[in-house]
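Participant: To start, I am sharing the structure in question, which I have written as structure tokens.
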Amino acid sequence: MAIRQGTIGTTVALAIALTIGAPLIAGAQRGGGPPLFTPEPDARDLKSVLVNWTWHMGMLRGIEEHELMVTLEYRAEGTIQVDGQPCEIAPFEDAAREGELGASGYRISASYQQPGYRTHIECTLPNGQTYSNIEVVSGEYAWNEDIPGAGLVAGEGTATPSPDALEERLIRLWASPIGAPKAALAGAGIPLRRVWRNPGGLLDGGASTLGETSVAWDGDTPVISFPIPGVDGAAAVARLDDRFMAESVVVTHGPDTYEFTYSDYDDHNNPLHLIEVYTAGRITESRNGEVVRDLDTIQTETGSVYVVVPVPASVGPATEAVEMYGPDQEAPALDSTAPTPRLADGRPDLTGNWRGNNKFFIWRYGSRRCAPTQLDGCSTQWNQTIDFAFEAASRFGPNRPLYRPEHWDEVIYLDMWTNRYDPIMTCQPMGVPRQGAPGRIFHTEDDITLLYGRGGDGGGGYSDFRVIATDGREVDERQVIQTKYTGHSVGHWEGDTLVIESIGFTPATWLARGGFFHSENMKVTERFTRQGDQLLYEATVEDPEVLLHPWTLNPLLLTTGGDGGSLVGVERGTCEAYELDDIATQYRH
């Protein structure tokens, strides 16, 4: 189960995750909580079929087996139709090669949580001319780009609205091998943007119809009918094979019929990151009986890599930031009725030991069952290593930093090689804002001391502290003689909220797991608001060199009573990095 050969830091991080997760695994799956739903072998109700579909595809992850597939990187070879002519897709560039992601040929970057995709196409027409285009759809908008992310940065690229292609592109997204089961779940009443999409726990059993999704049987073949999200009147019918994977999806929309056929399902990920999510190896798309795309899958990446599809201002209302929460999450709010302690100057006293108490976050990490399609290759009934790519909150979203287009592939690359490039894996401090809220605070009228404990974001035992003046002075670039992990910070008050502004960060840290790097010009603004025995911690990152817009992290609601004693005498945890060239896999912590 080793992720890296010869790296003690990785072992520490995983040990912490396993230690924390172990009681929940036992409770949820081994008698202490509700058992996982297992369809009866001959069950024909819709709930059983939808669970089997997503379960066999490897889309159910975590200890409660939520449906956690949020993004897909897909590359293929073959032929597509361009203006009625066959166009041979350009040769594939090896995505596993150092520094290369293989953008030419046919590449889809799809997001299912913030629905949309970007398809890079480069192919050769019969007359020898090269056709090149980037097809994009996002929510209610469709457009074409001459470069990825065209129009998001002034003067860089051209984004051409293509509203007539909107419905066809949405049909292609939701009739795809991974999109179709998601659309069927949405039709059954589980919203696409619901974070805890648990078909085994949220759907009622015994019925053949739930909401707008239904199942009928053709002999032993389940046939599922469901609507296409975002396309009024578009109806899909999916036939599943004997492994509960779609062999065909037929969509009727007005006078048009789209037929997608799928075969040769396998884990098509890079051999260094095989994580048992299945996609079709052969894909054929027809429209009104004419083949328009005939594809052979070359490689996928199914582990929640970075995919964003922001809308440029030339197409629709510009995307200023991604949404922070799904419909089943709530932002934490101060609601304590206890008295708020105050300093002699009347300001709230933030002194105390603080611990997390966030109702919108549910611990997901831990083992899961092997799906029926994975039993031959599974070394144990319960596995955990390959699920971390899905379960890291920063990767999973929906709240992710919105990078400038020229950095999108860099983020993906850093994440795919996280065991080489994540600063945690080379034993560096997490820094601000990755280390999150402090565990203990000492507060006076002139300054504030923040102490941080071990284990945040898989940090493996780091402990740091900051002493910050709170007398209202301004942050000054002239004080930045040398960059630091925690930056150069000053604080001031805005009403009863302490605001700490920090600059002068070393670029050696990340914002979070997922390859989320920053520049040395990053500015972080933290806000501390105390009400009674609660403390609301908020942080916003500004880094126009690499980010399109400021990024606000999900707020943390803390309560008093944390184990501040655990910070006494703690130094940075035992961690040693060596043999960094001997990386065995791309499994991501």
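The values are calculated or read from the model by the stated rules, or taken from the named source; none is laboratory data. Quick caveat: nothing in here was measured; it's all calculated off a predicted structure. Positions of Cβ are backbone-derived with ideal geometry, glycine not excepted, and every protein chain shown enters the neighbour counts. Surface accessibility is based on the protein's heavy atoms, side chains included, excluding ligands, DNA and RNA. Shrake-Rupley method; radii C 1.70, N 1.55, O 1.52, S 1.80 Å.
Participant: Tell me, what HN-Hα J-couplings in whole Hz come from the Karplus equation 6.51 cos²θ - 1.76 cosθ + 1.60 at θ = phi - 60° for each residue of the range 421-428, using x for Gly and Pro?
Facilitator: Result, ordered by residue: 10, 4, x, 4, 6, 10, 6, 8 Hz.
Participant: Now a separate question. Can you list the residues, at least 5 places off or on another chain, whose amide H is less than 5 Å from the amide H of L547, using H built in the peptide plane?
Facilitator: Result for L547 returns R404.
Participant: May I pose another question? Report the label-to-label distance for E406 and T559 in nanometres (one decimal), using points 7 Å from each Cα along the Cα→Cβ vector.
Facilitator: Placing both labels 7 Å along Cα→Cβ, they lie 4.8 nm apart.
Participant: Oh, and also: Carbon and sulfur together cover what percent of the accessible area of the range 148-306 at a 1.4 Å probe radius?
Facilitator: Percent of accessible area from carbon and sulfur atoms in the range 148-306: 47.
Participant: What distance in nm separates the simple spin-label points at F465 and R44, each placed 7 Å from Cα in the Cβ direction?
Facilitator: Going by the 7 Å Cα→Cβ label model, 7.0 nm.
Participant: Still on this structure, I have one more. Can you work out the Karplus-derived ³J(HN,Hα) for every residue in the range 511-528? Use 6.51 cos²θ - 1.76 cosθ + 1.60 with θ = phi - 60°, whole Hz, and x for glycine or proline.
Facilitator: So the Karplus estimates, Gly and Pro as x, are 6, 5, 4, x, x, 7, 7, 8, 9, 6, 9, 4, 10, 10, 10, 10, 10, 10 Hz.
Participant: Another question, if that's okay. Could you order peptides 468-479, 181-192 by the average number of other Cβ atoms within 10 Å of their residues, highest first?
Facilitator: 181-192, 468-479
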